[in-house]
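Reviewing the structure listed below.
The values are calculated or read from the model by the stated rules, or taken from the named source; none is laboratory data. Computed from a predicted model, the values in this text were never measured in an experiment. Note that we place each Cβ from the backbone using ideal geometry, even for glycine, and neighbour counts take in every protein chain shown. Heads up: the accessible areas ignore ligands, DNA and RNA and are worked out on the full protein's heavy atoms, side chains in. Shrake-Rupley method; radii C 1.70, N 1.55, O 1.52, S 1.80 Å.
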Amino acid sequence: MKYIRVKWKHTNPDEPVFLFSELDAGGVELRKLECFRNGFCDFATPNDSTGNAKLSTQPLPELEKIARDPEFEPMEITREEFESVWKKRRYTAH
């Protein structure tokens, strides 16, 4: 498993500012969090989701490729970091 956090640099309050993904060995998302400035997070799993969060249908690109877009700051995180955010997630309608 691989865990990533992507900071999305923008000013739209209706879009998430952090994206957290749990990826399998092929880069396919298994769980995802989309966290907003107000602290609320939508989530997606293979069987459930909230808000507009959805798992990607394709493997995610490597972090280096994501980082080429100046709007995004990706980094690999630990499983513990991902699980901490996953357990604290709060969600609401936006």
Handout entry: Qualifying strands (runs of 3 or more DSSP E) (wholly inside region 24-94; at least 2 residues being closer than 20 Å to ASP14 by Cβ, within 14 Å of the chain's Cα centre (by Cα) and free of Cβ contacts under 8 Å to residues at least 60 places away in the same chain)
Key = 29-35, 41-44
Exercise for the section: Kindly provide the set of residues from region 3-44 that are touching a strand residue (DSSP E or B) at 6+ places or on another chain (Cβ under 6 Å) and polar (S, T, N, Q), ordered by number. Expected result: SER21
Exercise for the section: Examine region 15-36 for a residue that is open to solvent by 80 Å² or more (accessible area, probe 1.4 Å) and not hydrophobic (A, V, I, L, M, F, W, C), and state whether such a residue exists. Expected result: no
Practice task
Would you check which residues across region 1-18 are free of Cβ contacts under 8 Å to residues at least 60 places away in the same chain and either in contact with an Asp or Glu (Cβ under 6 Å, 6 or more places away or on another chain) or of a type in the set (D, E, K, R) (or both) and list them?
Solution key: GLU15, PRO16
Practice task
Would you be able to tell me the number of residues in region 76-94 that are closer than 19 Å to PRO16 by Cα, at pLDDT 95 or above and either in contact with a helix residue (DSSP H, G or I) (Cβ under 7 Å, 6 or more places away or on another chain) or open to solvent by 100 Å² or more (accessible area, probe 1.4 Å) (or both)?
Solution key: 1
